[in-house]
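The values are calculated or read from the model by the stated rules, or taken from the named source; none is laboratory data. All values derive from a computational prediction rather than experimental measurement. Cβ atoms come from the backbone with ideal geometry, glycine included; neighbour counts cover every protein chain shown. The protein model used for the area step is the full one, side chains on, heavy atoms only, and it has no ligands, DNA or RNA in it. Shrake-Rupley method; radii C 1.70, N 1.55, O 1.52, S 1.80 Å.
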Amino acid sequence: MLSGIHGQDGTFLTGLDRIESRISKASQSITSGMRVNVASDDPSAVAPILRYQEQINHLTQVQSNLVVAQSDGTSADNALQSATSILDNISSLASQGLTLSADSNSRKILSDQVQALQSQLVSIANTQVRGNYIFGGDNRNTPPYTLDPTSPNGVAQNTPGIATLTVMDANGFTRNASLSAREIFDTPGSTPGVVLTDATLVAAPALDDTANPGIAQSFTFRIQGQETPLTVSVPGVAGGYATQASLLTAVQGALDMALAAGTPPLAAGTITARTDANGYLRFKGNGTQAFTVTDDGADDTAKDSPAGIGAGNPGADNIFAAVSSLSVALLSDDTDGIKTAIASLKLGNAHLQTSNAFYGNVLNWINNAQSTAAEQSANLTNAMHVLQDTDMPAAITTLTTSNTALEAAISAHASLPTKTLFDYLG
Amino acid sequence: MSSLFAALQTSANALGVFEKAMGTVQNNVTNASTPGYAAQSLELTARPFQPGNNLWGGVAAGNTLDSRNQFAEQAVWTQSQLLGSAKQKSAALASIESQFDVTGTSGLPGMMNKLSSAFSAWGTSPDDVTARTQVVSAAKDVAQAFNTAFANLQSVQSQSETQLAGTVGQINQVVSEIKTINEQIGQGGGKDAGLQAQIYTKLQTLSGLTPITVQTAPNGTLSVLMNGQVQLLTGTEQTTLHIAYPTSANPAIPGGSASAAILTDNNQDVTVKATGGQLGGLLEVRNSTIPALIGDQSQSGSLNQLAKSFADRVNNILKAGVIAAGPPPVPGKAVFTYDTSLLGAVAGTLTIPPGFGAGDLAAIQTTPTTVNNGIPNQLANLQNSSDPADQIAGSTFSGFYAKIATNVGNQASAANDLQSSQTDLLNQAENLRSEVSGVDLNEQAAKLLEYQKAYEASSKIISVVNQMTSELMDLIH
């Protein structure tokens, strides 16, 4: 081993390696534009960088979602404003129906016009945006309503009409951003109704058991959210039930028994049965549980009722019911009915304004959420750039000084004296 | 007269001694760059000078002195093994950290972010087939990202096993070469500077592979111990090492990889004594660093822990929802699946169930209230949730990944710094050693001059004595 300055090559080479490593690192950070390319570049910056990027991605998607919600909300708002105009027209037609000059013929013409406007209301209820029925509630693939003159309120409900869809803001808070057509145009009574969409039993006024006297008749329906269908078996009475009241008592008793035996068991009176003016059997909940009932579609009895049993009692502000009742009243020259319908239309219009205000609030909320998301995104992007981006002036300076140091080191080493005493010996 | 002849003889003898001394110098100069060579010097001793007792003095050649310093050598070996370990860990950790993206735009964090965005978009249109399809596609990408990270780390593990085998082989080879030199030393070559240079070069190579201590026997042969505890060589008796991967009978993590063990040729396990050097660095990477990530027989590894927790949580949220309200309601299905019999390979087996399609995603939340897009919203908010069910060890899933990457980064950074500082320390130790026992050309040249002058002077004395003797002989004649 050589000693003296000639033995210092290891130190020199290590120093060169170190300078070249600095050059390589500076060059890489300039090329990539990023200060942190691997975790060891700055371990303390890894977690914040990843968190910022994650949040930026999240905010970008939230902003995109809010744009979609805004589009739906704007379309809904516009649609309801159109509905308001239509309702105003209908109210005007109703007033015309009460004028002294109105007669049967003119009232019939007015009824036709009301029906045409009702059709437009149904179209509004079925407003689509990007292929989605925005008033379809949770089912946006099916038009919520179709016209059905045989139905008491003139329409047939195609979907349950519940709107639980929520929209989320940048901070994870959610809110409902839509109303269903049922909530806007077809409000139920104070007690949520249940629907037997395909009636299987006719009781007018008695259970028809002439074909099988004394034999129990049953109907089956499903309660939403429960696995096992509920079968209600009503005991037969030879010759039929004497009165509707006794029939209803039997039906209610059988219903309560079936509810108690169901999965999970429900208390007596949870669903109540009644017959309407047309003799149809109707059911409604007692308001403690929100559910719908649908028939299983099977033909359970010898006699089928006409289809079209609708929901429970319509609410006082039910727009479809009000328009339909006006049309019927005009057609049947019923001035009292027209006056009742006008009052219902006013309530319906007020409810429509409330629905419109709902969408106004939604759009305001969306605007605020968009601003918040944009501001947060900008702040996070800046913070990430500070942490992640290369400090170009510093990197370039390091590169330049390191190159200079490299040349100086090599030059200095080359300048080391190479002669020894041997070179001077004779 | 006899004194003249004595002077002649003494001077002639001195010439021989100075020739030997100059030979030592030439050997030093020619071996100045020979690895492991320590400068030699010839010991010159004065002979007794007592003319009254017919002792006419002169110079005698003594022993060849070796300038090698055992303390300096040991210092070099110590730094060499520390550098060997640091270098190995630095290289391995560079491979490992490259598997962990730190930008959030690719690899595992990139795919998890993409899945989160897909969940969020799905929430806007829970029935939209395109949105659902994107969720399934993003879930596949997450599974694939886990698979890739796991496979790459397994590859690093495999490379470390190959290097371990190579290192152990190298240790056995070098010890064998030292043994061969020992044989020559035992046959009387103990003082040979060339043999000493060879053996010390081997020892320095060995010290980089594993920490060594050396003991010298009276006959000059060396005994080498690993970490002062495991006898690798005693004279000409070598103990070879080999690697094994003993499987536990009842591992805590079935299917987990076995740790590497270093065994002697009589199957004594010396793994815990094999710390330091390249071997110790490799063992630490193979048995500790990598298993902390992808598991072994005693632990599941943080990457597997992340994969399992994330998959289980997403699955549980989906299964808590319903696909269709019914009636009857159609329960949600799990989007991720993995081999539950291999908890040490969850990241490697994570996948989507065969046939899982867009229609199998449950969007409807039923509890506490029914929300049509409650499930996708809950999934999209996983990254911001403070619910312990949505976290691992107090961190969100992406936060846990960040902890893994940060930990690897800290280890890599520390290894890089250690390698740098150890390189400096080794250079210092080597410089010190060369100062003590290296060949200084100027010093050798000065000695050469000295011996040359002495040789010339002795030659002159011979010449003068010869002339005096001739004159004396002429007088007699």
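Here are the numbers for this structure:
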{"read-out": "Wholly within region B:198-269, strands (runs of 3 or more DSSP E) carrying at least 2 residues that are within 25 Å of B:Ser160 (Cα to Cα)", "value": "B:222-226, B:230-234, B:241-244, B:261-264"}
{"read-out": "Enumeration of residues in region A:9-37 that are more than 18 Å from B:Gln419 (Cα to Cα) and either outside any helix (DSSP H, G or I) or facing another protein chain (nearest Cβ under 9 Å) (or both)", "value": "A:Gly33, A:Met34, A:Arg35, A:Val36, A:Asn37"}
{"read-out": "Extreme residue, nearest to B:Asp390 (Cα to Cα), among residues of region B:412-425 that are touching a residue at least 60 places away in the same chain (Cβ under 8 Å) and facing chain A (nearest Cβ under 8 Å)", "value": "B:Ala412"}
{"read-out": "B:Ser137 of a type in the set (Gly, Ala, Ser), within 30 Å of B:Ala362 (Cβ to Cβ) and surrounded by fewer than 17 Cβ atoms within 10 Å (Cβ to Cβ)", "value": "yes"}
{"read-out": "Subset of region B:429-460 (residues that are hydroxyl-bearing (Ser, Thr, Tyr) and open to solvent by less than 50 Å² (accessible area, probe 1.4 Å))", "value": "B:Ser434, B:Ser437, B:Tyr451, B:Ser458, B:Ser459"}
{"read-out": "B:Ala39 vs. criteria within 14 Å of chain A (Cβ to nearest Cβ) and either touching a Phe, Trp or Tyr at 6+ places or on another chain (Cβ under 9 Å) or open to solvent by 10 Å² or more (accessible area, probe 1.4 Å) (or both)", "value": "yes"}
{"read-out": "Test: B:Ala61 is at pLDDT below 95 and either open to solvent by 20 Å² or more (accessible area, probe 1.4 Å) or in a helix (DSSP H, G or I) (or both)", "value": "yes"}
{"read-out": "Qualifying positions in region B:387-406 - more than 8 Å from chain A (Cβ to nearest Cβ) and either among the polar types (S, T, N, Q) or under 27 Å from the mean Cα position of the chain (by Cα) (or both)", "value": "B:Gln391, B:Ser395, B:Thr396, B:Ile404"}
{"read-out": "Residue tally, condition closer than 22 Å to B:Ser207 by Cβ and open to solvent by 50 Å² or more (accessible area, probe 1.4 Å), over region B:279-292", "value": "1"}
{"read-out": "Test: A:Leu352 is within 30 Å of A:Leu165 (Cβ to Cβ) and at pLDDT 90 or above", "value": "yes"}
{"read-out": "Sole residue being surrounded by fewer than 23 Cβ atoms within 10 Å (Cβ to Cβ) and within 22 Å of A:Asn78 (Cα to Cα), chosen from A:Thr166, A:Thr174, A:Thr150, A:Thr159", "value": "A:Thr166"}
{"read-out": "Selection status of A:Ser40, surrounded by 15 or more Cβ atoms within 10 Å (Cβ to Cβ) and within 9 Å of another protein chain (Cβ to nearest Cβ)", "value": "yes"}
{"read-out": "Any pair with Cβ under 7 angstrom, 6 or more apart, that starts in region B:445-459 at a residue that is within 10 Å of chain A (Cβ to nearest Cβ) and ends at one that is among the hydroxyl-bearing types (Ser, Thr, Tyr)", "value": "B:Ala445/A:Thr420"}
{"read-out": "B:Asn53 within 14 Å of another protein chain (Cβ to nearest Cβ) and surrounded by fewer than 16 Cβ atoms within 10 Å (Cβ to Cβ)", "value": "no"}
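Here's the yes/no breakdown for (1) of a type in the set (Ser, Thr, Tyr); (2) within 14 Å of chain A (Cβ to nearest Cβ):
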site: B:Lys273; (1), (2): no, no
site: B:Gln278; (1), (2): no, no
site: B:Asn316; (1), (2): no, no
site: B:Phe336; (1), (2): no, no
site: B:Ser341; (1), (2): yes, no
site: B:Gly348; (1), (2): no, no
site: B:Gly355; (1), (2): no, no
site: B:Thr366; (1), (2): yes, yes
site: B:Thr369; (1), (2): yes, yes
